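The values are calculated or read from the model by the stated rules, or taken from the named source; none is laboratory data. Keep in mind it's a predicted model, so treat the numbers as computed, not measured. Cβ coordinates were reconstructed from backbone atoms using ideal geometry, including for glycine residues, and neighbour counts include every protein chain displayed.
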Amino acid sequence: MSKITQILNDAIIARHDFFNNSHAENTNSYRIFHGVNDGFQGLTIDRYGSSILIQTFREPLIKEELDEIKEIITKNTTLFATDEEISFVYNNRTIHKEKDLNFVNTISEKALEKKIFKEMNLNYVYQARHRGQDPFLFLDMRAGRRFIIKNSKDLSFLNLFSYTNASGICAMQGGSKEVLNIDFAESSLEIGEENAKLNNFIQPNYKAIKSDVFFALRQLTGTPFKGRNGIHKKEKIIFKEKTFDLVFLDPPAWSKSPYGTIDLVRDYQSIFKLSLLATSKGGRIIAVNNVGKVNLNEWLEILKRCASKIGRNISNIEVITPEEDFPSKDKNYPLKIAVCDV
């Protein structure tokens, strides 16, 4: 038995109960293999319904390794509780250009079509390859989405950097009285609209708006544009001043726009401050940092200090960790989710 066969079988066996519990709550999307924590650095294997997405972030797989993975997954379709034909897509996301990876491209057109999968009884769109690199739904954020479903009833919900609006969908499922999704990428919002339609959430209390998040937050909080950004004072008013009971803040690791810069390593405060001002007193803000090298405790202290500086007190922080299909041997999860009571 080869190494990859052994460690993949071990990973599947370790997740046996997790798979059963997932299927029981109508979830057919999860991580089957999680890189170095399951014994193979840089390799991930994710299930999205009838599609299996294999990705490498360091050294690419050789053909024999890919064939082994396909064979093992195919043999376990009973465990994955599906009678559907499984399709495979392999994306090599290393920066190295190998001379002979032709076998990677021997993928059927059917495998690349848009498909529908489920998570916690909600429907989402999936496509193995599209104009971006990342999947339309990040599976490690499931724990955060679960929290939103359970804690959004009768609350107003603001979804910042909403991507494909999954958190907004979960707020609607949880009974939120109002949902506002904001993202600058029109292509992501288009997928978000498909997700909303799949779940019958195209309703008056559900909105998705294309906007720079800094720009939106300055209008929502009545914060004036200063310095170089002063040129934008005459921008059209899109958002009226308003606060929200529950705010979800999941920024990219780094980005820059005319309205501000996102830097989750050196300056989380700039986006957190404005997001906190958009959070109602007595409400909650769910802050997310997805940079692995950021220390959890140091980041939490930054959140507390930032809140204190603007006269807002964080009375409690609940840290949410990814679910068991994303194991961490040292418990230092790259994805950090902090629910802050303000």
The residue from Ser162, Ser156 that alone is modelled with pLDDT of 95 or more and crowded, with 22+ Cβ neighbours inside 10 Å is Ser162
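Yes or no: segment 256-270 includes at least one residue that is of a type in the set (A, V, I, L, M, F, W, C), in contact with a Leu (Cβ under 8 Å, 6 or more places away or on another chain) and surrounded by 13 or more Cβ atoms within 10 Å (Cβ to Cβ).
Our first condition is that a residue be of a type in the set (A, V, I, L, M, F, W, C); within segment 256-270, this holds for 262, 264-265.
From what is left, the residues that are in contact with a Leu (Cβ under 8 Å, 6 or more places away or on another chain) are none.
Looking through segment 256-270, none of the residues is of a type in the set (A, V, I, L, M, F, W, C), in contact with a Leu (Cβ under 8 Å, 6 or more places away or on another chain) and surrounded by 13 or more Cβ atoms within 10 Å (Cβ to Cβ).
Looking only at segment 116-126, count every residue that is outside any strand (DSSP E or B) and in contact with a Phe, Trp or Tyr (Cβ under 7 Å, 6 or more places away or on another chain) and tell me the total. Reasoning before the result, please.
In the first step, residues of segment 116-126 are kept if they are outside any strand (DSSP E or B); the result is 120-121.
Narrowing the set further to residues that are in contact with a Phe, Trp or Tyr (Cβ under 7 Å, 6 or more places away or on another chain) leaves none.
Within segment 116-126, residues that are outside any strand (DSSP E or B) and in contact with a Phe, Trp or Tyr (Cβ under 7 Å, 6 or more places away or on another chain) number 0.
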Contact list, first residue from segment 2-19 and touching a residue at least 40 places away in the same chain (Cβ under 8 Å), second anywhere and surrounded by 13 or more Cβ atoms within 10 Å (Cβ to Cβ) and of a type outside the set (A, V, I, L, M, F, W, C), beta-carbon distance below 7 Å, six or more apart or interchain, is Ser2/Glu68; Ile4/Glu65; Ile4/Glu68; Thr5/Glu68; Ile12/Asn76; Arg15/Asp325; Phe18/Glu324; Phe18/Asp325
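Tell me, please, whether a residue that is in a loop (DSSP other than H, G, I, E, B) and at pLDDT 95 or above can be found in segment 53-66. Don't jump to the end; show me each part of the working.
Start the filter on segment 53-66 by keeping residues that are in a loop (DSSP other than H, G, I, E, B), which leaves 57-62.
Filter once more, keeping what is at pLDDT 95 or above: none.
No, there is no match, as no residue in segment 53-66 is in a loop (DSSP other than H, G, I, E, B) and at pLDDT 95 or above.
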Considering segment 2-28, residues that are loosely packed, with under 13 Cβ neighbours inside 10 Å and charged (D, E, K, R), and then whichever is nearest to Glu71 (Cα to Cα), we arrive at Lys3
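Can you find a residue that is in contact (Cβ under 8 Å) with a residue 40 or more places away in the chain and in the same structural domain as Leu160 (by TED's automatic domain parsing) anywhere in segment 294-306? Please lay out each step first, then the result.
Quick first cut of segment 294-306, residues in contact (Cβ under 8 Å) with a residue 40 or more places away in the chain only: 294, 296.
Filter once more, so that each one left must be in the same structural domain as Leu160 (by TED's automatic domain parsing): 294, 296.
Scanning segment 294-306 turns up at least one residue that is in contact (Cβ under 8 Å) with a residue 40 or more places away in the chain and in the same structural domain as Leu160 (by TED's automatic domain parsing).
Considering Ala143, Ala196, Ala185, which residue is in contact (Cβ under 8 Å) with a residue 40 or more places away in the chain and either of a type in the set (Gly, Ala, Ser) or outside the structural domain of Thr261 (by TED's automatic domain parsing) (or both)? If you could, list the steps in order and put the result at the bottom.
Working: Ala196 fails: in contact (Cβ under 8 Å) with a residue 40 or more places away in the chain; Ala185 fails: in contact (Cβ under 8 Å) with a residue 40 or more places away in the chain.
After applying the criteria, what remains is Ala143.
For segment 32-52, how many residues are under 14 Å from Asp10 (Cα atoms) and either within 16 Å of the chain's Cα centre (by Cα) or outside any loop (DSSP other than H, G, I, E, B) (or both)? Before you say what the answer is, go through the steps one by one.
Pass one, segment 32-52, residues under 14 Å from Asp10 (Cα atoms): 32-40, 45.
Imposing the further condition that a residue be either within 16 Å of the chain's Cα centre (by Cα) or outside any loop (DSSP other than H, G, I, E, B) (or both) reduces the set to 32-38, 45.
Of the residues in that region, 8 qualify.
Can you find a residue that is over 15 Å from Leu249 (Cα atoms), at pLDDT 95 or above and small (Gly, Ala, Ser) anywhere in segment 270-281? Outline the logic, then answer.
We begin by selecting, within segment 270-281, every residue over 15 Å from Leu249 (Cα atoms); these are 281.
From the residues that got through so far, the ones that are at pLDDT 95 or above too are 281.
Restricting the remaining residues to those that are small (Gly, Ala, Ser) gives none.
No - not one qualifying residue is present in segment 270-281.
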Inset, instruction - Inspect all residues belonging to segment 86-94 and state whether any of them is at pLDDT below 95, of a type in the set (Ser, Thr, Tyr) and touching a helix residue (DSSP H, G or I) at 6+ places or on another chain (Cβ under 9 Å). - result: yes
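Ile271 - would you say it is in a strand (DSSP E or B) and closer than 12 Å to Phe161 by Cα?
Values: in a strand (DSSP E or B): no; closer than 12 Å to Phe161 by Cα: yes.
No, not satisfied.
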Over segment 29-41, the set of residues closer than 21 Å to Leu137 by Cβ and either buried (at least 20 other Cβ atoms within 10 Å of the Cβ) or in contact with a Lys or Arg (Cβ under 8 Å, 6 or more places away or on another chain) (or both) is Ser29, Tyr30, Arg31, Ile32, Phe33, His34, Asn37, Asp38
With the first residue restricted to segment 312-327 and required to be over 12 Å from Ala287 (Cα atoms), and the second required to be polar (S, T, N, Q) and not in a loop (DSSP other than H, G, I, E, B), Cβ contacts under 6 Å at 6 or more apart or on different chains are Pro327/Asn37
Of those in segment 169-186 that are among the polar types (S, T, N, Q) and over 17 Å from Ser211 (Cβ atoms), the residue nearest to the chain's Cα centre (by Cα) is Gln173
With criteria (1) outside any loop (DSSP other than H, G, I, E, B); (2) under 19 Å from Tyr30 (Cα atoms); (3) at pLDDT below 85, Phe103 comes up short on (2)
Scanning segment 19-31 residue by residue, those in a helix (DSSP H, G or I) and touching a strand residue (DSSP E or B) at 6+ places or on another chain (Cβ under 7 Å) turn out to be Ser22
